[in-house]
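Report on the structure given below.
The values are calculated or read from the model by the stated rules, or taken from the named source; none is laboratory data. From a predicted model like this one, the values you see are computed outputs, not experimental measurements. Cβ coordinates were reconstructed from backbone atoms using ideal geometry, including for glycine residues, and neighbour counts include every protein chain displayed.
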Amino acid sequence: MIDAGFPDGANASILYRPWSFLRLHAGGGTNLVSPGFRTGLSLILPGGIAGSVEYGHYFPGNANDLWRTISGHPDAEVPALREVGYDYANFRVGLELGPRWLKFYLHGGMSYMTGQVKELGATITKAAASDGTTVTVASDPTLSVWTVSARTGFIVYFGL
């Protein structure tokens, strides 16, 4: 299985399908910041409808290069982006189309993401430095959010 989406990033996975209605998968990928992994299961219903539940993790990585590319500011440096990593859980439904050995799919739903925000005090102080403001953050806060999510990809089955 090869796919791309949010918050999954781009992943490649190995599948195991013990029955025609159940699929298990595990694999790895990247979110353009760092490597990670994802594992999950899908229930396949008649008519090409599938429901999936997954858990994934991205290891901490420096997101400043990505921010520089997106923002167009080649010298941008955000302290809170130096160590970005997170866990996520996906809950999605979608369509799967194609012959028995090859499936193209589009899934959408909700994802729960959680991770620590490192160097938040330094980031806020840097943003407010022009007026001499200093911010102290006693510990790295944990940010958790529910968000809409989607993924598209394809599956090639071998050994059918």
Go through the residues of the stretch 62-72 one by one and say whether even a single one is in contact (Cβ under 8 Å) with a residue 24 or more places away in the chain, hydroxyl-bearing (Ser, Thr, Tyr) and more than 20 Å from Ile155 (Cα to Cα).
no
Residue list for the stretch 85-115, restricted to those being assigned to a strand (DSSP E or B), under 17 Å from Leu15 (Cβ atoms) and among the aromatic types (Phe, Trp, Tyr)
Phe104, Tyr105
Identify, by number, the condition in (1) at pLDDT 95 or above; (2) more than 26 Å from Gly27 (Cβ to Cβ); (3) of a type in the set (Lys, Arg) that Lys103 doesn't meet.
(2)
For the condition in contact with a Gly (Cβ under 8 Å, 6 or more places away or on another chain) and farther than 22 Å from Val148 by Cβ, what is the one hit in Ile49, Ile44, Ile14?
Ile14
Residue satisfying all of: in the stretch 99-115; surrounded by fewer than 16 Cβ atoms within 10 Å (Cβ to Cβ) and in contact with an Asp or Glu (Cβ under 8 Å, 6 or more places away or on another chain); nearest to Thr142 (Cα to Cα) among these:
Thr114
Within the stretch 24-47, the residues that are closer than 17 Å to Val93 by Cβ, free of Cβ contacts under 8 Å to residues at least 40 places away in the same chain and not in a loop (DSSP other than H, G, I, E, B) are His25, Leu41, Ser42, Leu43, Leu45
In the stretch 51-64, what count of residues is obtained for those that are crowded, with 19+ Cβ neighbours inside 10 Å and more than 16 Å from Ala80 (Cβ to Cβ)?
3
What do you reckon, is Glu96 surrounded by 14 or more Cβ atoms within 10 Å (Cβ to Cβ), modelled with pLDDT of 95 or more and among the charged types (D, E, K, R)?
yes
Kindly provide the set of residues from the stretch 76-91 that are crowded, with 21+ Cβ neighbours inside 10 Å and under 13 Å from the mean Cα position of the chain (by Cα), ordered by number.
Val84, Tyr86, Tyr88, Asn90
Pairs only if they're at least six apart or on different chains, beta carbon under 6 angstrom, first in the stretch 104-119 and charged (D, E, K, R), second at pLDDT below 95 and surrounded by 15 or more Cβ atoms within 10 Å (Cβ to Cβ); list them, first residue then second.
Lys118/Glu83; Lys118/Asp140; Glu119/Pro79; Glu119/Ala80
Examine the stretch 57-77 for a residue that is of a type in the set (A, V, I, L, M) and part of a strand (DSSP E or B), and state whether such a residue exists.
no
Filter the stretch 11-43 down to residues that are charged (D, E, K, R) and crowded, with 17+ Cβ neighbours inside 10 Å, then give me how many there are.
2
